[in-house]
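What follows is a single structure, written as C-alpha cells, with notes after it.
The values are calculated or read from the model by the stated rules, or taken from the named source; none is laboratory data. Since we're looking at a predicted model, the values are computed, not measured. Virtual Cβ from ideal backbone geometry, glycine too; neighbours counted across all protein chains shown. All accessible areas refer to the heavy atoms of the entire protein, side chains included, with ligands and DNA or RNA removed. Shrake-Rupley method; radii C 1.70, N 1.55, O 1.52, S 1.80 Å.
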Amino acid sequence: MADDRVPKPGTSTIQHPGDTGVIPERDVTQQDLLESGENPEGWLLYGNNYRRHHHTTADVITPENVSDLTREWTLDGLPNANDAAGFQGSPLVVPGDPPIIYQVNGPEQNRAINARTGEILWYHMYHPKAPVRWETPPANRGVAVLGDTLYKVTLDHGILALDRYDASEKWYYNGAYEYRNEIAEGDEQMAMHDELQAWPRWRGVASNYPLVVHDGKLMMGSFGGEYGVQGWAEAVDTDGEQVWHRGMTPPDEWVGDAWKHGGSTVWQTPALDPESGTAVLPTGNPGPWFGTVRPGWNPHTAGKVALNSETGEVEWGFQESPHDWWDYDSPSPATIFEAEVDGETRKLATWPGKTAWLYTVDLETGELVERSDELGEHLNTWTMPEQELQETPWILPNLIGGTNPQPSAYDSDRNTLVLKTTNLPMKLTWEYEEYEIGEQYTGMTYISASPGQRESIEGWNQPPGNITAVDPVSGEIKWQDWLASNPWGGTLTTSTGITFAGTDGGLFIAYDSETGDRLWTDQFSMGIEGNPVSWYDPEMGKQYVYIQGGADAEENMITVYSLEE
Amino acid sequence: MTTEHTNSRLSDDERRDFLKVLGVTGAAATGGAALEDVTLSDLREAVTVESTGEFARRGEAIRNGLTGELNAELVGAEMAGVADAIDRLPEVRTAGIPERGEELYAELTGAAWAIDDHLAEVGFYASTEANLPRFGSSHIEAMARHLVRAEALETALSEVGFDAREQTEAVANVVRQSDHLAMWQPTWGYEDVEGGDEFEVEPEYVPPLHRRAAAGALLWIDGLDKHLRQKQVLITDQMLDDGIADVRAMLGGFYLLSDAASRLATGDIADEELTALVSGSTAMLIASQTDLQYDLVRITDEMRAPRTGGD
C-alpha cells in the first residue's frame, strides 16, 4: 500500500507481512549506541561502533569450533529482486526477545526481521522522485537507529524517519531544497533543486549511505560525483531540522567557478570519534575527470576530510590523489583506533585507498603516520592517459580498486585491519565533456582488462583481487589471500580471532585473523557483496553471523548462521 | 613523445629532441657546447624564425582585446614581490618541512595573487585566451624559436636570478611536454571539440586557459605547506630539492607572464614578442605544475622515504 502521510517528493510502500507485535519495545539510547561495540548482543551502528571497527565481542564462535557453524535460516529470491539489486551494506540488530534485524538493500528497501526465525515483520520501500536506473539500481548500505526511530537516507537526497515498530513515517527531511547556496523554487518540504533530480541513480554513482546518529544529530552526505555536482555533507537534528551544511569544494581553493562542479561527494559513511567529536568523511573524485579545467589540488577531493561533527567546521583534509585523473577517490570508510606510535599512545585514523596503499594518519592533525606496503600491484601508476585508448599503457590500480566502498574490519587485540583489494589492470583516455544538467560529467573513457587481454600484460603478476590483513601502524602486510576475482563487500573480525569475509565467487570464508588460514567456508551461487555482522542471543545461547549477497542478477540471499555455546 | 612523466629532470635524449625541434643539429651549430651546457645564447644564431606575421597579429589582438586598463605601476610593484619570493626559495628549502602553523610556501604567492586578480579584472586572460592558438606542436615549435631568438625570456628570467642553464631548461621542458600542453585547451577549443563553431563561447565554469595556468600554479604552491607536513614520512631530500626547483619554475613563469603584461601596459613590447612571451610563460606555468606533481605529490614506492612503521 502507498503511504503519503508525511509530505515528501516521492511515495512509499509499507507492508506488514509478519506480526510486528513481536518487536520488543525498547528505547535505544545514545548510551546504547556508545556501548554497541562492546555489547555482544547487538549491532546498533554501521560498523558496530562509531569508530567503524566492524568487530564483535561475541565469543561463542572460536577458531576451534567455527567449522561447526551451520545455516540457521535463509531468505532468497526476495520480492522485487530485479529492483532490489545491490545487496551490499549491513543491517542493524537491536537486542531483545527476540532480537530484531533492520535489513537494507538497494534502492530504498528495508525490512524488520525476526532474528531467530527470519520472518519478515515489516517492509518499507521509498520510491524517490529522482529517477532510478532499474537495470543497475543503487545499493542501500545501512540505516541508523535511536529511541524508537529508524532513519534512512533516500535517493532524492532526503532522510526518512520511520517508526521502527511498524515502519510508519514520522518525518521527511528534504536535503535537495538547498544547493550551492541556491534555494529551489516551491515548498521547502517538496521542492528539489533542478540539478539534484536530473540524473538516474545507479550503482556506480549513487549510494544510500548509512547515516550516523550521534548526540542528537544525523550526519549525511551527497552523491552524484560523475554528474558535475558540488559535494556536501550536512547534519540534521532528530526532528528533521538542518543543523549545518558544508560544501566540500571550498571556492577560494579552486580556480574560477570550477568548484561548482568539482565533485568531492560524500557517499560513504564517516567514522566518528565520540570523545573529540571528530568525524572522518570519505570523499569522491574531482569533476570532471578531465583535469586541465580544474587546476590545483582540488581540495577536498579523493581523500578524507575531518569535520567537527558539532559545527561542520573542517579540521583537516588529506588527499590520496590530489588533482586526480584516474578516479582514485576514497570511498572506503575510515577506522579510528588508538595505538602506540613511537612510545606514545595516539588516536589514529586508517583506511585503504583506491590507490592500493593503506593510509594511517593522526586523528587530530591528519598527518600521515605511515603508508603501508602495496595492497595490490602498481603498474604505470600516475601515468597520464593518452588521447587514444590503445596508446595508453595498462595501469594498476584499477579505478574500482584497490579498495572501493567496502568497509574494513579492525581487530584491536591484534592491531590488524582486514580489507579487500582489486588488482585488475585498466586503461583510460580523456575527452572534453561539456557540463549539462543530468548528464555524466566524466570526460574519460575506461576499460578494464578482459580475460583475453590479461595474459599479455607485462608486469601484472597476481590474480584480480585479494583479502589482506595489515598492521596499520607499521604498514606491514600480515597475510594475503589472493582470489580469482575481485572481492566486494566488507569484513568482520571477532574478539576470538576470526575474520569473516565473502568473495565475488560466492564463497563465505572464516579466516584465522592472525595467520590468514581458512578455517571454514560456505558456497553460494551469487557474489557476496554485503558486510557480515554478528551478535549473541542469550535466550537461545547462540552466536549468529549474518551475511547478504546478490548484485545485478535476479539472485539474492540473506543467510544467518548460528553456533550454540 | 608520450605523456608519461616521471620527474622534472631532463634526459640527454630530451635535450636532443629540443634541439631537433629548433632545427639545430650537430655540435657546430651549438658553438661546440656540450649537450647539457647549451644555452639559449649558443642557439640564437642557429635558430631561424619564419615570420608570417601571425605572432604579431595575435599580439595586436591581445592588446586590443583588453576590457580594462592595465596598471603598470601595480604590476611592476607586485613583480618585485614575485622576485623577492624567488630570492627566498633557498631559505624555504633550508627550512625543510614547514612546522605546524608555518606557511613557508603560501607566503611566497601574495604578490602573484595580486597580479592575477588585476589581470583577470582588466580582461587580460580573456583576451589572451581568445587570441592565442591552442598548444599544438606547430605553435609550440614556433613559440620556442621565437623565445630563443627574441632574448626577452632571457632578460626577464635573468632579472630573477635564472642562470643560462635554467633558462634553456625552461624552454626545453616546455617542448618536452608538448603532448601534455595539448591537453590544456582554451575553452573555445573545447567548444570546437564538441563540434560547435562558436569559438568565442566560453563555458562559464571553465576559467580562461592562461588563468588556469597561472592561478593553478599558485594554488599548487599554496598547498605545499600542508602537503609536506602531512606526507612528511614519505618525503626525501631529493623530493624537496626537486619541488623547490619546480616552485622556482612556476614563479619564474609567473614573473615572465607579468613582465609581458607590464610591458604591454607601458607600450614597451612588440606584438610578436607579446605572443611569444604569453604563450611561453603559460607553457612554463603548466609544465612546472605538472613537474611538481611528479616530483613531490604523486609519490611512488620507488621514490618515497624508507618505511619506519610509525617510529
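Worth pointing out:
- Across the stretch B:19-37, a minimum of one residue is classified as closer than 26 Å to residue B:239 by Cα, surrounded by 12 or more Cβ atoms within 10 Å (Cβ to Cβ) and either among the hydroxyl-bearing types (Ser, Thr, Tyr) or at pLDDT below 75 (or both).
- Looking across the stretch B:96-120, just one residue is open to solvent by less than 40 Å² (accessible area, probe 1.4 Å) and on the phi > 0 side of the Ramachandran plot, and that is B:96.
- Considering only residues in the stretch A:427-473 that are modelled with pLDDT under 95, part of a strand (DSSP E or B) and among the aliphatic types (A, V, I, L, M), the one that is most open to solvent (accessible area, probe 1.4 Å) turns out to be A:447.
- Breaking point among (1) at the interface with chain A (Cβ under 8 Å from one of its Cβ atoms); (2) at pLDDT below 85, for residue B:232: (2)
- Answer from A:290, A:318 - the residue that is within 14 Å of chain B (Cβ to nearest Cβ), under 17 Å from residue B:299 (Cα atoms) and in contact with a strand residue (DSSP E or B) (Cβ under 9 Å, 6 or more places away or on another chain): A:318
- All positions within the stretch A:300-313 that are within 12 Å of chain B (Cβ to nearest Cβ) and open to solvent by 10 Å² or more (accessible area, probe 1.4 Å): A:300
- Every residue from the stretch A:103-129 that is within 21 Å of the chain's Cα centre (by Cα), small (Gly, Ala, Ser) and modelled with pLDDT of 90 or more: A:112
- Residue A:481 fulfils the conditions (1) crowded, with 17+ Cβ neighbours inside 10 Å; (2) among the charged types (D, E, K, R); (3) not in a strand (DSSP E or B) except for a single criterion, (3).
- If you filter the stretch A:141-191 down to residues that are open to solvent by 50 Å² or more (accessible area, probe 1.4 Å) and of a type in the set (S, T, N, Q), you find that the one that is nearest to residue A:21 (Cα to Cα) is A:189.
- Filtered residues of the stretch A:166-193 (kept if over 25 Å from the mean Cα position of the chain (by Cα), within 30 Å of residue A:114 (Cα to Cα) and outside any loop (DSSP other than H, G, I, E, B)): A:170
- Taking (1) in contact (Cβ under 8 Å) with a residue 24 or more places away in the chain; (2) under 23 Å from the mean Cα position of the chain (by Cα) in turn, residue B:35 satisfies each apart from (1).
- Selection count where residues are closer than 19 Å to residue A:77 by Cα, open to solvent by 30 Å² or more (accessible area, probe 1.4 Å) and part of a strand (DSSP E or B), scope the stretch A:523-536: 1
- Checked against the criterion of being closer than 16 Å to residue B:119 by Cβ, within 14 Å of chain A (Cβ to nearest Cβ) and among the polar types (S, T, N, Q), the stretch B:293-305 contains not a single residue that satisfies it.
- Taking the listed residues A:496, A:515, the one that is in a loop (DSSP other than H, G, I, E, B) and touching an Asp or Glu at 6+ places or on another chain (Cβ under 6 Å) is A:496, with no other qualifying.
- Residue list for the stretch A:204-233, filter: buried (at least 20 other Cβ atoms within 10 Å of the Cβ), of a type outside the set (Ser, Thr, Tyr) and outside any strand (DSSP E or B): A:205, A:206, A:210, A:211, A:223, A:224, A:225, A:226, A:228, A:229, A:231
- In this entry, residue A:356 passes the filter for residues that are hydrophobic (A, V, I, L, M, F, W, C) and on the phi > 0 side of the Ramachandran plot.
- Restricting the stretch A:537-554 to residues that are under 20 Å from residue A:89 (Cα atoms) and surrounded by 17 or more Cβ atoms within 10 Å (Cβ to Cβ), the residue that is modelled with the lowest pLDDT is A:551.
- Qualifying residue in the stretch A:370-390 (condition: of a type in the set (S, T, N, Q), within 9 Å of chain B (Cβ to nearest Cβ), part of a loop (DSSP other than H, G, I, E, B) and buried (at least 24 other Cβ atoms within 10 Å of the Cβ)): yes
- Residue in the stretch A:339-354 that is under 28 Å from residue A:228 (Cα atoms), at the interface with another protein chain (Cβ under 10 Å from one of its Cβ atoms), assigned to a strand (DSSP E or B) and among the aromatic types (Phe, Trp, Tyr) present: no
- Single residue of A:235, A:161, A:206, A:184 found to be in contact (Cβ under 8 Å) with a residue 12 or more places away in the chain, small (Gly, Ala, Ser) and over 16 Å from residue A:108 (Cα atoms): A:235
- Criterion: open to solvent by less than 20 Å² (accessible area, probe 1.4 Å), β-branched (Val, Ile, Thr) and within 14 Å of chain B (Cβ to nearest Cβ) - qualifying residue of A:266, A:255, A:236: A:255
- Any hit, the stretch B:78-95, residues being of a type in the set (Val, Ile, Thr), surrounded by 15 or more Cβ atoms within 10 Å (Cβ to Cβ), in contact with a helix residue (DSSP H, G or I) (Cβ under 7 Å, 6 or more places away or on another chain) and in a loop (DSSP other than H, G, I, E, B): no
- Taking the stretch B:127-138 as the range and being crowded, with 21+ Cβ neighbours inside 10 Å and either part of a helix (DSSP H, G or I) or free of Cβ contacts under 8 Å to residues at least 24 places away in the same chain (or both) as the test, the residues that pass are B:127, B:128, B:129.
- Within the option set A:296, A:366, being within 29 Å of residue A:236 (Cα to Cα) and within 10 Å of another protein chain (Cβ to nearest Cβ) holds for one residue only, A:366.
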